[in-house]
1. Provide Leu5, Leu48 in ascending order of the number of other Cβ atoms located within 10 Å of each residue's Cβ, fewest first.
2. Of the labelled options (i) 1.28; (ii) 1.05; (iii) 1.03, which one gives Rg/Rh (Cα atoms, Kirkwood Rh) as computed for this structure?
3. Once R0 is set to 41 Å, what does the formula 1/(1 + (r/R0)^6) return for the Cβ-Cβ distance between Phe38 and Glu85, expressed as a FRET efficiency to the nearest 0.05?
4. Return the FRET efficiency for the residue pair Ile52, Ala20: r is the Cβ-Cβ distance, R0 is 22 Å, and the value is rounded to the nearest 0.05.
5. Neighbour counts of other C-beta atoms within 10 Å: give me Ile65, Ile71 arranged from fewest to most.
6. Just want to confirm a number: the relative contact order over region 3-86, from Cα pairs under 8 angstrom separated by 6+ residues, in percent.
7. Run the helix sum for the chain: -39,500 (n - 2.57) per DSSP H stretch of 4+ residues, divided by residue count, reported at 222 nm to the nearest 500 deg cm²/dmol.
8. Using alpha carbons only, how many degrees (0 to 90, rounded to 10) separate the axis of helix 3-24 from the longest principal axis of the chain?
Amino acid sequence: MSLALRLCAFVVIAIVGYIAWPSAAPPTDVTQLAVRQFQDDGATAEQLREAIAVQSWWPIVWPAIVIVIGIVMFFDDVEHWWKQESV
């Protein structure tokens, strides 16, 4: 697989992940839970914490996934360029 093809595939993967970002977390009405926490017992506060955690895991995990994919796809090229410069 050529470098240009791998680079295009990497860009497509990154774009698809960015587009899928909003749909990664299940839709939860955090506003309703926030309002309800003042009216109910402590169980609603726990549900609110879980809903916020579910919504905010993807922005943390997605860049790590993209970095790992990039390392796997381009490790040989970087190693080749590194050895070529050191000679």
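1. Working: Leu5 9, Leu48 19.
Listed from fewest to most nearby Cβ atoms, that is Leu5, Leu48.
2. For Rg/Rh (Cα atoms, Kirkwood Rh), the calculated option is (i).
3. Numbers: r = 61 Å, r/R0 = 1.50.
After rounding to 0.05, the efficiency reads 0.10.
4. Values: r = 20 Å, r/R0 = 0.90.
After rounding to 0.05, the efficiency reads 0.65.
5. Listing Ile65, Ile71 from fewest to most nearby Cβ atoms yields Ile71, Ile65.
6. Over region 3-86, the number comes to 36 percent.
7. On the way: 4 runs with 74 residues, N = 87.
It lands at -29000 deg cm²/dmol.
8. Helix 3-24 and the main axis of the chain meet at about 0 degrees.
Each reported figure results from applying straightforward, stated rules to the coordinates on display, with no laboratory input. As the structure is a computational prediction, the values presented were derived from the model and not from experiment. Backbone-built Cβ (ideal geometry, glycine too); neighbour counts: all protein chains shown.
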